[in-house]
1. Working carefully through the options B:ALA223, B:ALA176, B:ALA186, B:ALA227, find the one that is over 25 Å from B:VAL300 (Cα atoms) and free of Cβ contacts under 8 Å to residues at least 60 places away in the same chain.
2. I'd like to verify a number: residues in region B:333-382 that are closer than 30 Å to B:VAL272 by Cβ, outside any helix (DSSP H, G or I) and among the small types (Gly, Ala, Ser), how many?
3. Could you go through region B:585-601 and let me know if any residue there is modelled with pLDDT of 85 or more, closer than 19 Å to C:VAL93 by Cβ and among the hydrophobic types (A, V, I, L, M, F, W, C).
4. Restricting to region B:553-586, count the residues that are part of a helix (DSSP H, G or I), touching a helix residue (DSSP H, G or I) at 6+ places or on another chain (Cβ under 8 Å) and either under 19 Å from B:PHE371 (Cβ atoms) or among the hydroxyl-bearing types (Ser, Thr, Tyr) (or both).
5. Out of the helices (runs of 4 or more DSSP H) lying entirely within chain A, which hold 3 or more residues that are of a type in the set (Ser, Thr, Tyr) and at the interface with another protein chain (Cβ under 7 Å from one of its Cβ atoms)?
6. Pairs only if they're at least six apart or on different chains, beta carbon under 6 angstrom, first in region B:334-349 and within 13 Å of B:TYR500 (Cα to Cα), second of a type in the set (Asp, Glu); list them, first residue then second.
7. Quick one: how many residues across region B:536-558 are loosely packed, with under 13 Cβ neighbours inside 10 Å and not aromatic (Phe, Trp, Tyr)?
8. Checking B:PHE115 against (1) within 26 Å of B:PHE489 (Cα to Cα); (2) touching a residue at least 24 places away in the same chain (Cβ under 8 Å); (3) not β-branched (Val, Ile, Thr), only one condition comes out false. Which one?
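The values are calculated or read from the model by the stated rules, or taken from the named source; none is laboratory data. Owing to the predicted nature of the structure, the values given are computational and were not obtained by experimental measurement. Ideal geometry is used to build each Cβ from the backbone, glycine not excepted, and the neighbour counts take in all protein chains shown.
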Amino acid sequence: MIGLGHYLILSGILFSIGLVGVLRRKNLLMLFFATEIMLNAVNIAFAAISNHYHDMAGQMFAFFVIAVAASEVAVGLGLLVILYKKYGTLDLDAYTVMRG
Amino acid sequence: MENLVYIALFAPLAGSLFAALFGMSKKNIITGIVTSTLIFISFVASAILFSHVMTVGPVHVRMMDWIMAGDMLIPFGFLVDQISVTMMTVVTLVSTVVHIYSNGYMDHDKSFNRFFSYLSAFVFSMMVLVMSDNFLGLFIGWEGVGVCSWLLIGFWYHKEDVSREVNPSISPSWAANEAFIMNRIADLGMLVGIFILYWNVGSLQYDVVFAALPNLSDGILVAAAVALFIGAMGKSAQFPLHTWLTDAMEGPTPVSALIHAATMVTAGVFLVIRANPLYSMEAVHWVSYFIAALGTFVAVFAASMALVNRDLKRIIAFSTLSQLGYMFAAAGLGAYWIALFHLAAHAFFKALLFLGAGNVMHAMDGELDIFKMGGLKKVMRWTYLYMGVASLALSGIGIAGIGFAGYFSKDAIIEVAFNEHTYVLWTILVLTAGLTAFYSFRQVFLTFHGNERYHALGIHPHEMYGYVLVALSPLAILAVVAGFYKDWFEHFVTKLLPEYHMSEHTHHIAWILGLLVIAFAVGGIVLAYIKYNRGLKRNEKLERSFVYRLLSNQYYIPIFYEKTISKPYAALSRFSWGTVDQKVVDATVDGIGKFIKTTGDTTRKIQTGNLSDYLRWMAGGALLLVAIAFVAFKLSQGAH
Amino acid sequence: MVMIAFYFFAVLITLLFLVTVMSKNVLYAMTSLAAGMVLISGLFFILGADFLGAVQLIVYVGAVMALYSFAMMFFDMSKDVKEKNGSAATVFVLGGAIALMLVVVFSAPVIGQGVSSLYPEAAGATNPQAVGLVLFTKYLVPFEVAAVMLLVAMISGIILAGKKMDASLSTTEEEIPEMTQGGEK
């Protein structure tokens, strides 16, 4: 039988995949994709816990996470456009202007 | 009347600030004139207040609330009563004369303006000291005069150590520091006394404190009396804190006259007189007796050192010490008004003596060794007259109700000693009167009589400026006539101070006692005349004797202090500096700095400016945090 | 049945997301991300969160992915970002460690004991009804705040991306030299 643990472990694995993407990729757009993966992983955990306890609070949080993700995409993409205008590339390594 | 109080108090401050404006510039005669005028105004205000206090009564003003913290309320107020108005008048009168005198004396000094700034600041501090209506204000003034004294003793701070034939080699800055440090030791005692009073009474106002005294336990009374007297000992240079006073003679002579003879050093006596309700308590009678005994001891102790000293100013300084001893003897025996009377009279003739010495010093190009003077009366007739009068007053010459100021005041003290049946003290004080007369006239004769030894030095002495000599005349007149006001003064101050009456028995034989003292004094003068009038004949054998060397080395006390306190302390300081501070403290501080710098240098590489690297660090941190949280959670579960 | 569905979805999602993270081509990555999102909504349906699954489809797959694809048109993807992955080992070790950590944490049996339901599902209501009941009573204020936040995000997105929209991005390097200083380095 599939229990809460299964969903949580799946969620953890997906989160780690997203994290690896964030850490590994240098393309800012890819960083955004990886962030989406992490957010979705968390949503799975919320939905699973909500189901497990028969409690709506988990789903509510998942809704708000989706709302936050949507806002983040809107603002983030705007910033990306500006960055691209300024530097002509989305490569993270090109933005190294605050070297210590 | 309130305005007069403020004028008397703040006129010197205004003068000081005015002179300070020109502190760094060239000599400007205007500063001298302005400060002298303002001090004179202060004197006039004090004199008017004097008559007001006499006819109407004390004036008590409260200028502002000064310290308000929790339950602590210390108003900044001034009390002009019989004691303080006497002090105010004496202080401002002597200060006026000294200011005018300084115009002539400091004529050629390049720091002329600075001098007047300090001198007026001193007068202001002294006025705060005597006028304050609480112990804390008194303490402020007390510290203020200490600072001004330090500034003025070290006025010629650029002077190097000069080795002299007679004195240990010291420089003005050294003397200034010595005076200041010794006073700090005593001031700690004073502060402790003030704390004790505040702790137990809850106020520092004189009237409140004195009203609360009967409710305090004996131990507290004794502790407060002892602690306050320690403060008085420092300021008034009583044994064993006396060495700074003679070294303070390194300062300019007007300073010696004003601060180290007439006013500041008497602040200790003033404190005991001011706190007379405390010292009159039955519980502290042995403290009072100790004060009297110590005063008597210092009287003879200082007089003995003055016998052989060759330095004109130091002889007078020792005599000041000795007279302060007399004052403490009177105050300790309960005759507070006599102590105050002697204080005032002494201020007049001692200031005169010092200023006369200043004239001599000025004439002799700074030479102070009386063995190198002699015969000066031909060129310095007025100075000779002034110093003669002052010495006569100091020796207490007079008979059957007619005499110089010292005759009335000092005789009264000696009479008190007899009346209190403290015959040992009485004997010593009578003996000291003889010594006083001897060393005073030894100095006068060696300076003004006999062969003119100064020719060998190629000096051409000349009399001081005319206006300076005129300015000295009030002091000379007072030195002569002040004694006649004794009964009037007694009537005036005993409204506030406890009365003191001689017993019937003493009253009857008073004339015999007086005659005895006069006999000793005249004997001293005659002896001095015989020995020194015709000139100096040095007695090698005497000078090599043990007693002579003991006296001329001031009982080896300065050397003793140097060897047992200064030198070990310096060694300790050097050790603390070299080992503790440099090798331990500094190294630790440097080590912390180096550690942080190295850490910063190493970790600076983390800041690559690349977001990916930062994200990696963040992920690592997050991992660490989750791990710690998990482990902590597990552990806390295991604990339950 | 549920087990089969779960493993089917789980494996597929994992694979698709791995493709997203590893792929060099942005277009592949985006496509696989969209597919993964769709499959996640399948998980939500299994979990009985019907409304959430629908929202996932509409917002993520419909709105967000569309936004990404429009945004990609702004960028010149012909110039592929050449990624230099300095220390891949560090990244995988970190990622693996966190995955391990999370798995350990989640599989620990004690977690979640003694938890009581804060807002129980209304008996007899369908999922969208239950969501509506809770969202518009208990979470009304956060809901409104979220709405304002979305509005702010929309406006800021327009402002940020819309400034100097008239300047052609594909020709910036030749025509607007002051805006390309960073790109040259």
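1. Of the residues listed, the single one that is over 25 Å from B:VAL300 (Cα atoms) and free of Cβ contacts under 8 Å to residues at least 60 places away in the same chain is B:ALA223.
2. 2
3. no
4. Adding up the residues that qualify gives 4.
5. A:57-87
6. Once the first residue is within 13 Å of B:TYR500 (Cα to Cα) and sits in region B:334-349, its partners that are of a type in the set (Asp, Glu) give B:TRP337/B:GLU490.
7. 11
8. Exception for B:PHE115: condition (1).
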